[in-house]
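Reading through the structure tokens given below for one structure.
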Amino acid sequence: MSSGKSSFQAKHSTITAITETIRGCLLYNSTNTEWLRNRSPKYSVAAQALPVASAGESTREILLPAIQWIALLPSWTLLAMIIVATTAVCGTVIVKARSEFQSSSLQRDRVVSEIDSLRRTNSSLELEIRRLTNDSNTIELAARERLGMVMPSDIVVPVESISSVSSLRTLSFVR
């Protein structure tokens, strides 16, 4: 048992020694970035690590050069860029509004034609209603055709249709 314990202690001491060596190594140190700068030149500058900085410092490092670059531009260039951007936005709005107007006018034309068709149908139905309420010949004709009614003096002859066996019509002869 003592030999098992001594081998465990030997392994533990070896692991501890390796860990201490790694911690002491310059590459392991999180503040040392020298090894990144000495890499092969085949890597781009963007691929190399940036030094750690606070958010405020990095914001200033980005914004200050941008503001200085904008200050170098002539004012007429900025005005021209604003005018171009405004024209592009207005042009987009106008094109969209025009297409919506065209689709709305097509829809309106369809609705107007449907309304005209319904008005014509309505007027023909009103005319038929007037005839059915006032004209006795129209009333008799509607009763014969729509309801299959006959006068007592008529002779009724059943007629079978060729196209449909189940359909049975009557033919009446008026004396």
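The values are calculated or read from the model by the stated rules, or taken from the named source; none is laboratory data. Worth saying up front: this structure is predicted, and the values here are computed from it rather than measured. Neighbour counts are summed over all protein chains in view; Cβ atoms, including those assigned to glycine, are modelled from backbone coordinates with ideal geometry.
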Scan the stretch 61-76 and report the pairs whose first residue is part of a helix (DSSP H, G or I) and whose second residue is modelled with pLDDT of 80 or more, with Cβ atoms within less than 9 Å and a gap of 6+ or a chain change. I70/L78
Single residue of the stretch 150-167 satisfying the filter (of a type in the set (A, V, I, L, M, F, W, C) and under 60 Å from the mean Cα position of the chain (by Cα)) that is modelled with the lowest pLDDT: V165
